[in-house]
Structure formats: C-alpha cells, structure tokens
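All remarks here apply to the structure that follows.
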Amino acid sequence: MPELPEVETARAAIERSALGRRIADVDDTDTFVCRPHSAGEIRSALVGLTLTEAHRRGKTLWCTTDGDAVLGLHLGMSGRIVVDPPAASGGSTDEGGDYWGDAPARPGAAAWFRFTLLFEDGGALRLHDKRRLGRVRLDPDLDALGPDAAEIDRDTFRSRVGRGRTPVKARLLDQSVLAGVGNLLADETLWRARLDPRRTVDTLDADDLDLLRRELRAATRRAIRQGGVHTGEVIEHRRAGGHCPRCGAEMMRGTVGGRTTWWCSVEQV
C-alpha cells in the first residue's frame with residue numbers, strides 16, 4: 001500500500017520526467033477514478049497546458065500548470081505513477097516506485113491504466129491502478145489534512161500528536177493530525193522509538209515526542225532511499241513466529257486504531 005515514501009517517489013518521478021511537457025490529450029473516461037468529474041471534464045481543463053510543479057502533502061499528490069487548473073492525484077491502495085519518455089527519445093519508462101521499461105511489464109497491465117495525460121512529444125503520464133482505488137480530480141481539497149509527516153516541526157508535532165488520550169499508533173495514523181503515515185510506517189517508527197503502540201499519548205513527555213518525531217523522519221528517509229516502507233527493518237518480522245531483529249524477543253500482535261499492529265514484546269514499553 002503506498003504510504004508517504006512511495007508517494008514521494010512518485011512525486012519525484014513526475015518532477016524529474018513530466019514537468020515542462022505540454023498536454024495534447026487526456027483519457028479521463030474512468031469516471032469512478034475521476035469522480036466527481038464527468039468524462040471529458042478533466043480533459044477540457046488540461047489540454048494545451050503544461051505541468052509546472054509537482055507537490056505532495058502526506059499521501060496526496062498534486063501538479064500545478066501554466067493555467068488555472070490544478071491536477072490532484074491519489075494513489076489509493078495500489079496505484080503507481082508511470083511516466084513515459086518522449087516518443088523520439090528511445091528512452092525507458094520512469095515509474096514512481098518500479099522500473100517498467102518501454103511497455104507494461106505484465107500481460108494485460110495496460111488495462112489497469114485508469115487515467116492518462118498524453119504529451120505533445122508522444123510520451124505520457126499514467127495512473128496504473130489494478131485495484132481501481134486511486135483518485136484523480138481537479139483542484140483537490142487539502143483542508144482535512146494535517147501537516148506533512150516528513151516536514152512537521154518539533155513544536156507542532158508535540159502539540160498535535162501529544163494531545164488527548166488516544167493510543168499513539170492511532171494518533172500517528174490520523175491524517176487530520178499528521179498526513180502521510182500508514183500502517184507499516186507507524187509500526188516501523190514505533191519499533192525504532194521503542195514505544196508500545198497501545199500507549200496513550202498523554203503518557204508521552206516532551207522527550208518521548210521528540211524521539212518519536214526523529215524516528216519517524218529517519219524511517220521515512222530510509223524508506224524513500226531503500227524503495228518503500230516494505231524495506232523497513234522490522235517489517236519482515238511482523239508475522240506469527242516473528243522475532244524482534246534488535247533483541248530477538250517475540251513479536252506481539254494486536255489491533256490498534258482499527259489496524260493490525262506488531263511490536264516487540266520486550267523493548268516497546
């Protein structure tokens with residue numbers, strides 16, 4: 001499932017490979033992915049424009065243009081951004097998260113392109129989403145999102161994450177408090193910080209919250225560098241019979257904030 005690191009990788013791919021390319025056509029015929037827009041509405045707003053900047057807050061992507069339109073992209077649970085090179089370049093496809101080459105890697109995968117920008121140079125930007133849970137919309141509303149988890153400052157983190165009596169993992173997952181943290185990144189961060197995910201935030205002092213923020217930032221940077229949240233140090237040990245890779249103790253399983261949660265039975269207190 002794409003979390004902040006995967007979405008940042010997709011944003012960087014757009015920034016690296018799709019900006020400055022004029023849009024010749026748009027396939028927005030999948031009205032489920034493009035809801036609430038009707039077919040052709042996004043196309044009418046974007047044809048003839050150029051993508052100028054790629055932005056991200058949490059798991060939400062958006063691109064500004066040299067016109068009035070802003071294109072919002074959300075990867076959902078399984079979406080990926082695929083950027084094709086100009087037709088005359090003979091180059092390779094640049095995808096947020098995976099390398100595909102010049103054509104879809106799996107038979108039938110082209111059917112999973114839910115939204116496409118076709119550029120004048122013959123290349124394209126596509127949303128590949130097998131499960132059809134991504135979203136594309138104009139002028140996305142970001143008001144419900146909290147500060148970005150990778151950029152939040154110390155004082156804001158303390159005030160937003162440390163208030164109330166919510167379990168700390170549930171607080172990290174609340175996108176209105178802190179945008180971008182998903183289930184795996186939360187477990188990795190709490191393991192790194194040696195904090196029990198069930199512990200309520202009112203029991204965390206300023207030092208605990210500062211440590212949590214540092215480890216969240218470190219886990220996020222590592223995941224971006226290594227290729228995604230699935231590369232976290234504790235992730236492969238989140239299973240029955242798993243053991244903490246740091247001390248060897250048994251991993252415990254429970255439900256926190258409605259999500260399956262794993263933690264070290266000895267170190268996370």
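Each value in this text was obtained by applying a stated rule to the coordinates, not by laboratory testing. Note that the structure is a prediction, hence the values are computed from the model and not measured. In this analysis, Cβ positions are derived from the backbone assuming ideal geometry, glycine residues included, and neighbour counts consider all displayed protein chains.
Each residue, Arg165 and Arg131, gets one label point 7 Å from its Cα in the Cβ direction; the gap between the two is 3.4 nm.
When only the Cβ of Lys, Arg, Asp and Glu is charged (+1, +1, -1, -1), the dipole of the chain relative to its Cα centre reaches about 960 debye. Backbone amide hydrogens, once placed in the peptide plane, bring Ala124 within less than 5 Å of Asp84, Phe119, excluding anything fewer than 5 places away on its chain. With each label modelled as a point 7 angstrom along the Cα→C-beta vector, the Ser78-Thr156 pair spans 3.4 nm.
Taking all Cα pairs closer than 8 Å and separated by 6 or more residues, the relative contact order of the chain comes to 18 percent. All Cα-Cα distances of the chain, cut into 5 Å bins from zero to the largest, leave 1, 6, 12, 16, 16, 14, 11, 9, 7, 5, 2, 0 percent in each bin in turn. Here the extension length gained between Asp121 and Ala144 equals 4.6 nm, from 0.36 nm per residue of separation less the Cα-Cα distance. In this structure, the amide hydrogen of Val256, modeled 1.01 Å from its nitrogen in the peptide plane, lies closer than 5 angstrom to those of Thr261, counting only residues at least 5 positions away or on a different chain. Figure legend: label point modelled 7 angstrom from the Cα of Arg22 along Cα→Cβ; residues of the stretch 37-77 with amide N under 13 Å from it are 47-51, 66. Alpha carbon centre of the stretch 117-135 versus the stretch 141-215: separation in Å? A separation of 33 Å, based on Cα centres.
Charge dipole of the stretch 154-264 (Cα centre as origin; +1 on each Lys and Arg Cβ, -1 on each Asp and Glu Cβ, all else neutral): 200 debye, rounded to the nearest 20.
Loop-located GluC sites (Glu not before Pro) in the stretch 1-34 (DSSP state other than H, G, I, E, B) with a sparse environment of at most 10 neighbouring Cβ atoms within 10 Å are absent. Counting neighbouring beta carbons within 10 Å and listing from fewest to most, the residues Asp25, Asp141 come out as Asp141, Asp25.
Any idea what angle helix 183-193 forms with the longest principal axis of the chain, computed on alpha-carbon atoms, 0 to 90 degrees, nearest 10? Compared with the principal axis, the helix lies near 40 degrees. Coupling constants for the stretch 56-69 follow from the phi torsions by the Karplus curve (6.51 cos²θ - 1.76 cosθ + 1.60, θ = phi - 60°), and in residue order they are 8, 10, x, 9, 9, 10, 8, 10, 8, 10, 7, x, 8, 7 Hz; glycine and proline get x. Residues whose amide H comes within less than 5 Å of that of Leu133, counting only those at least five positions distant or on another chain, are Met77, Ser78 (H built at 1.01 Å from N in the peptide plane). The slack between Val269 and Ala39, meaning 0.36 nm per residue of separation minus the straight C-alpha distance, is 77.6 nm.
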